[in-house]
Structure formats: structure tokens, C-alpha cells
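Written out below as C-alpha cells is the structure these notes cover.
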């Protein structure tokens, strides 16, 4: 009923290699794009943003619709 004997030093090294490989894969995804791919992604994001902005409704900034009451002159 005894478990297998494991060399902890080798186990730690293998675990560190696995973690390093995972980080490298993530970095390849994040940073491993060509200039053309980056420009294409930026262009698509800009186009989507413009399309989204076109669908927005314009609301007045002032609650009274931009009409302001005249201010009484100040007495000096």
C-alpha cells in the first residue's frame, strides 16, 4: 500500500517547465502578431466602434433643452 517514490527535485523542475510553457503560450497569443494583423484588428475595432456610435441617440446636455432663463442684471 505504499505509493511510488518520487524525486521531489525532478518533480519541481518538471512543474516549473510546465508553468513556463503555459506562460510562453499565452505570450505567443498576446504578443506574437504581425504588424498587419495588429492593423487589421485596430481597423475592425474602429469600424465596430463607429457603427455602435451611429446607433446612439443624442440627448441634450441641459434638462430644459438648451433654453436658459435670462439672468437679472446685477446692481452695483
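Values in this text are rule-based calculations from the coordinates and carry no lab data. What you are looking at is a predicted structure, and each value in this text was computed from that prediction instead of being measured. Because the Cβ atoms are built from the backbone with ideal geometry, glycine has one as well, and the counts that use them run over all protein chains shown.
Say each of residue 35 and residue 16 gets a label point 7 Å from the Cα, pointing the same way as Cα to Cβ; how far apart are those two points in nm?
3.8
Once you place label points 7 Å from the Cα toward the Cβ at residue 47 and residue 27, how far apart are they in nm?
About 3.3 nm separates the two model spin labels.
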